[in-house]
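See below for the structure under consideration.
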Amino acid sequence: MKNKADQLEQDLFRMAQREKMILPETVYKEVDDKLSEIHRSKRLGRMTWKRAVILAAALVAMCSLTVTAAVGALQRRMEAMNEREMEDYFVQIYTSRLGADNYSRSLTDTERERMGRLRTSYEEEAVFPDRTLTMISDPEEYKGKGVAFYKDTSTFFLPEESMSDEELLEVIDFVYKRDYSLQAMNQKIEEGEIPFPEQQIAQQAAQQIAGNEAAGEEKTREENAAVPNDMIRNPGQELTIPYTGDLEFQNIAAGQNCIFLTGESSIHKMEIGSGDSELFFDDFETETYVNAMYEDKKGNLYLGLNVRMDENDDSAYSGITIGGVRYKTWLWILNADREVIRKVDIASLLEQEYGVRSRMITRIVVDEQGCVYVRAAFLWDVLLLILDEQGNYIRSVTSEEFNCHDLGGLGIGKDGRVYTQIQTKDRMGIASVDPVKGALDEIYMDIVPEGTIMLDIVAAGADTDFVFWGYDGIFTYNLGEDKAVNVLPAYEAPCNWEGVMYCALPDGRIVFADCSQYRNEGDKIKSVPENITFYYKSTLTD
């Protein structure tokens, strides 16, 4: 499956290069300003930050391009769309269950080369398709002929045989019209010419929910309550369970025999297979957010926290400001009796050791020897921090060749070793970590298809060495094999994967917590508990 989420970004830079354009520093500042405005406005809803960056760049750079580049047939074709057409494209982006485009199969090398040539012809020679892309409302409608688009998951369904030039042009034309509509609609909204189409987006979302219910994708609480406990704990058992608790949680994490839910200044515990949760810990002195958690086999709980700083705190550490409020990054360690046994000032450690400030801890894992591995956001040259069982800093893990995404997966493999997601500009894989040398050890690159967006989960599989999850789907992988296997493609997602919460259970299953509705409380966005559903997905290969 070839993901095309960054195609617009590539097109923008290619167009700029072809027109010999040099964007001034003011443009980059304007991009930053646009991103800040988007983040504050909360209008992005469930869209990924990657999509937000592309959108902001499009709003600035694409408008600049249209001034410099010759206005030709392509521009007239885009401008010929009426407002209803552009609104349809715009709503599709906002209501897609996935944050990027997907293909039902990977493009062949030949198709990729031809698409590149046809895109140039499309832009420069006005070579347009004779027909428009076929839209389908259900994947089962696609019968294997021509190309079609399923908007709920932003998936292009392609024929098994090599695509014709016409079919490739239909895909190119659709992407250009949608991207143009996206930037044009946003510009009109920004300038106050039209209102944000909240009603249309809400109607489309309601239709999706109704369609899911009609298809039987939503099981009732009573149906799941009838599932025996031994089946609930079976790695092959798949469940759909509505949440019946009251916590407005923002993250989930797998314990050894439970699932933890974290909200503002509060942690709940939920039994595997249950729909309800109960308070586990809330002994925080001030407003606190738990961004990462890990429970070791002894029952110790490691918490990556953002703790609100006192307004009168004049300490050397200035804190990270979010929405006008300063927060500090900490690592807390709780024992099995829920007692805080250690508070580690990660923010000051990072500032002293590396001269940088991190917004948050994004991943934590503890190996069998008690070493604690921590990933901190915006710590560019350091992949991981290694602490001892008591939270004392030991060393960092670095690499001259590879880096990690801030939200890249970090977990324990079947062999008991720690593995992390790694990447270069255009390659992705995993690597084991040598805690003694502070370096990556065994490297496994190119095990997922080119264009795969991230591996948010790296964990031990049910009957495989690993299970991965990212926006392209669920993969399984055994060490020594050339490629991972996509056992659940993105377009078969059981729920909205845009903004979904996730964790991997010790039995190899992956759990998703999807919220279909949020509410605003000042600058904060909070989940609505009664609109949250848990999905348990098996990763067994048989």
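The values are calculated or read from the model by the stated rules, or taken from the named source; none is laboratory data. From a predicted model like this one, the values you see are computed outputs, not experimental measurements. No Cβ is skipped: glycine too gets one built from the backbone with ideal geometry, and neighbour counts run over all protein chains shown. Only protein heavy atoms, including side chains, enter the accessible area calculation; ligands, DNA and RNA are left aside. Shrake-Rupley method; radii C 1.70, N 1.55, O 1.52, S 1.80 Å.
Residues of the range 271-304 that are open to solvent by less than 40 Å² (accessible area, probe 1.4 Å) and among the charged types (D, E, K, R): Glu287, Glu295, Asp296. In the range 273-297, the residues that are within 14 Å of Ala254 (Cα to Cα) form Cβ pairs under 9 Å with partners that are surrounded by fewer than 20 Cβ atoms within 10 Å (Cβ to Cβ) and β-branched (Val, Ile, Thr), at six or more places apart or across chains, as follows: Gly273/Val227; Gly273/Ile232; Ser274/Ile232; Ser274/Thr244; Ser277/Thr244. The single residue among Thr398, Thr420 that is open to solvent by less than 10 Å² (accessible area, probe 1.4 Å), in contact (Cβ under 8 Å) with a residue 24 or more places away in the chain and of a type in the set (Val, Ile, Thr) turns out to be Thr420.
Of all residue pairs spaced 6 or more apart or on separate chains, those with beta-carbon atoms under 6 Å, a first member in the range 517-531 that is of a type in the set (Phe, Trp, Tyr) and a second member that is assigned to a strand (DSSP E or B) are Tyr518/Ile525; Tyr518/Ser527. Checked against the criteria, Tyr393 does not count as modelled with pLDDT of 90 or more and crowded, with 18+ Cβ neighbours inside 10 Å.
Taking the range 460-494 as the range and being within 16 Å of Leu540 (Cβ to Cβ), touching a Gly at 6+ places or on another chain (Cβ under 7 Å), in a strand (DSSP E or B) and open to solvent by 10 Å² or more (accessible area, probe 1.4 Å) as the test, the residues that pass are Asn486, Leu488. Candidates are the residues of the range 492-528 that are closer than 27 Å to Ser104 by Cβ and among the charged types (D, E, K, R); the one that is farthest from the chain's Cα centre (by Cα) is Arg509. Candidates are the residues of the range 372-382 that are open to solvent by 30 Å² or more (accessible area, probe 1.4 Å) and closer than 24 Å to Arg417 by Cα; the one that is nearest to the chain's Cα centre (by Cα) is Trp380. Among the residues making up the range 423-441, those that are touching a residue at least 24 places away in the same chain (Cβ under 8 Å) and closer than 30 Å to Arg105 by Cα are Asp426, Met428, Ile430, Ala431.
Scanning the range 427-452 for residues that are outside any strand (DSSP E or B) and open to solvent by less than 70 Å² (accessible area, probe 1.4 Å) gives Pro435, Gly438, Asp446, Ile447, Val448, Pro449, Gly451, Thr452. Is there a residue in the range 518-536 that is modelled with pLDDT of 90 or more, touching a Cys at 6+ places or on another chain (Cβ under 6 Å) and among the hydroxyl-bearing types (Ser, Thr, Tyr)? Checked against the condition, which is being modelled with pLDDT of 90 or more, touching a Cys at 6+ places or on another chain (Cβ under 6 Å) and among the hydroxyl-bearing types (Ser, Thr, Tyr), the range 518-536 yields at least one hit. Restricting attention to the range 97-125, the residues being modelled with pLDDT of 90 or more and hydrophobic (A, V, I, L, M, F, W, C) number 2.
Total residues in the range 375-410 satisfying the condition of being assigned to a loop (DSSP other than H, G, I, E, B), in contact with a Phe, Trp or Tyr (Cβ under 9 Å, 6 or more places away or on another chain) and among the aliphatic types (A, V, I, L, M): the figure is 3.
Hey, could you check the range 344-370 for residues that are open to solvent by less than 30 Å² (accessible area, probe 1.4 Å) and part of a loop (DSSP other than H, G, I, E, B) and say which is nearest to Tyr419 (Cα to Cα)? Selected residue: Asp367.
The residues of the range 404-453 that are more than 18 Å from Tyr373 (Cβ to Cβ), of a type in the set (A, V, I, L, M, F, W, C) and touching a Gly at 6+ places or on another chain (Cβ under 7 Å), listed by number, are Met445, Ile447, Ile453.
Of all residues being part of a strand (DSSP E or B) and farther than 22 Å from Lys297 by Cα in the range 245-270, which is most open to solvent (accessible area, probe 1.4 Å)? Just the residue, please. Among those residues, the one meeting the criterion is Glu264. Here Trp497 qualifies as among the aromatic types (Phe, Trp, Tyr) and either modelled with pLDDT under 90 or assigned to a loop (DSSP other than H, G, I, E, B) (or both).
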